[in-house]
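Trainee: I have a structure I would like to understand better, so I am pasting it below and will then ask my questions one at a time.
The values are calculated or read from the model by the stated rules, or taken from the named source; none is laboratory data. These numbers come from a predicted model, not from an experiment. Every residue, glycine as well, gets a Cβ built from its backbone with ideal geometry; the counts of neighbours run over all protein chains shown. Please note that ligands, DNA and RNA were not included when accessible areas were found on the heavy atoms of the full protein model with its side chains. Shrake-Rupley method; radii C 1.70, N 1.55, O 1.52, S 1.80 Å.
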Amino acid sequence: MSNESLSRIGVVGRGRLGRALAGALSAAGYEVAGPAGRGELPAGDAIVLCVPDAEIAAAAAAVAGTARLIGHTSGATPLSALEPAAERFGLHPLQTFTGTDADAGRFAGCRCAVAGSSAGALHAATELARALRMVPFELADEQRPAYHAAASIASNFLVALEAAAEEVAGAAGLAPEEARAALAPLVRATVENWAELGPRRALTGPVARGDELTVARQREAVRRAAPQLEPLFDVMVERARALAGTEAVPA
C-alpha cells in the first residue's frame, strides 16, 4: 500500500493501543511521532487519538489545528467528539491488545471499522487500515453502540465467562492455572467451530442433547461451588436452549 497521501502520523496516547499502533505504523513505512503523552502535541499529516473515550473531546481540542486530519480509535464514540477538527475520521481495530510485544502484529488480518466526516477523511482511515493489513469496513455513527456492544460480548464477556468456569473448576480440585490449561483447548476448538459452522451447529453438551438431568446436576454443583454464579448459569442455559430449539422438561 502506497503511503503517498499520508506520510507522517502523530499518535496520542501511551496505552496498549497507542504503543501498538505507533509501532505498527512505523513498521508499515510511515514517519511516526509518538506515542505522545498528556500535554504533548505530535505533528503529522494526521493525528490519531488513542485515549479513553471520556478524554477524546479534550484531546481533540488540544490538537486541533496541528494536522489536517484528526481521528480516534474508539468503537463507541461518534466522530462529533472530534470537533473542532474540520476533517475527522475513525479507525477501530476489531482486536484485543494486552500490552505485550506481540501487540504490533495483531493488526494484520483483523477487521477494522472506519469512518470519515468527508470522502477524504474516510479514504485516509481506509488507507491506514489497509497499510496495517487490516480489512476495513465502513461504520456509521448510529451503528456504533450495537457494534461496540457486540465486540464487548464477543471478547470481554468471554473472558468473564471463562473466569466463571475457572472458579467452578476449583470445586473439582483444579487450581486456576490448571483449570486454564485444561479448558483452553476446549475453548479454542469451540471458538473455531463457532466461526466455521455458526452458533447452532457448534453447540454441544447436555443442553443441546436435551439432557435435563445432567443440567440439573451441573446447576447444583455451581450452587455449591460458587452460588453467586447460579444466576449466570441459568441465563446461559436458557440462551443455549433457545439456540438449540429445546425446552426444559417440566418438573
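Trainee: Stokes-Einstein D for region 119-249 at 37 °C, 0.692 mPa s, Kirkwood Rh over Cα pairs, in µm²/s?
Mentor: Working: Rh = 17.6 Å.
Rounded, D is 186 µm²/s.
Trainee: Going by average Cβ neighbours within 10 Å, how do the peptides 82-91, 24-33, 139-148 rank, with the highest at the top?
Mentor: So the order, starting with the most tightly packed, is 82-91, 24-33, 139-148.
Trainee: Using 10 Å bins from zero, what percent of all Cα-Cα pairs in region 178-247 falls into each bin?
Mentor: Here the calculated profile for region 178-247 is 19, 41, 37, 3.
Trainee: Hey, another quick one. Along the three principal axes, how long is region 52-119 when you take its alpha carbons, biggest first, rounded to the nearest angstrom?
Mentor: 34, 25, 21
Trainee: Now for a different question. Only one of the values [x] 19.4, 62; [y] 20.6, 85; [z] 22.3, 69 was calculated from this structure for Rg and Dmax of the Cα atoms in Å; name its label.
Mentor: After the calculation, the listed value that fits is [z].
Trainee: So, one more: Per residue, how much accessible area does the chain show when a 1.4 Å probe rolls over the protein heavy atoms, in square angstrom?
Mentor: With all protein chains present, the chain gives 54 Å² per residue.
Trainee: OK, next. List every residue whose amide H lies under 5 Å from the amide H of V48, counting only residues 5 or more places away in sequence or on a different chain, with H placed 1.01 Å from N in the peptide plane.
Mentor: Excluding prolines and chain starts, which carry no amide H, the hits are G10, V11, V12, G71.
Trainee: While we're here: On full extension of the chain, what length is gained from T98 through V191, given 0.36 nm per residue of separation minus the C-alpha to C-alpha distance? Mind dumping the intermediate values first?
Mentor: On the way: separation 93, 0.36 × 93 = 33.48 nm, distance 1.96 nm.
Value of the extension gain: 31.5 nm.
Trainee: Hey, in the GNM for the chain with a 10 angstrom Cα cutoff, which one of R200, R19, R130 fluctuates hardest?
Mentor: Looking only at R200, R19, R130, the largest GNM fluctuation is found for R200.
Trainee: Further, regarding this structure: Given C-alpha coordinates of region 123-174, what is the ratio Rg to Rh with the Kirkwood estimate of Rh?
Mentor: Rounded to two decimals, Rg/Rh equals 1.28.
Trainee: Mind jotting down the distance between the C-alpha centroids of region 62-136 and region 1-41, whole Å?
Mentor: Spelled out, the Cα-based centre of one part sits 11 Å from the other.
Trainee: Moving on. Just the number, please: Stokes-Einstein D of region 50-196 in µm²/s, Kirkwood Rh from C-alpha pairs, 20 °C, 1.002 mPa s.
Mentor: Translational D for this selection: 124 µm²/s.
Trainee: If you take the beta carbon distance between A108 and A43 as r and set R0 to 22 Å, what does 1/(1 + (r/R0)^6) give as a FRET efficiency, to the nearest 0.05? Walk me through the intermediate numbers first.
Mentor: Working: r = 27 Å, r/R0 = 1.23.
Efficiency computed from Cβ-Cβ geometry: 0.20.
Trainee: Sticking with this one: Antiparallel versus total DSSP beta bridges in the chain: what percent is that, nearest 5?
Mentor: 20 percent
Trainee: Can I ask one more? From the mean inverse distance of alpha carbon pairs (Kirkwood) and the Cα radius of gyration, derive Rg over Rh for region 1-122.
Mentor: My calculation puts Rg/Rh at 0.92.
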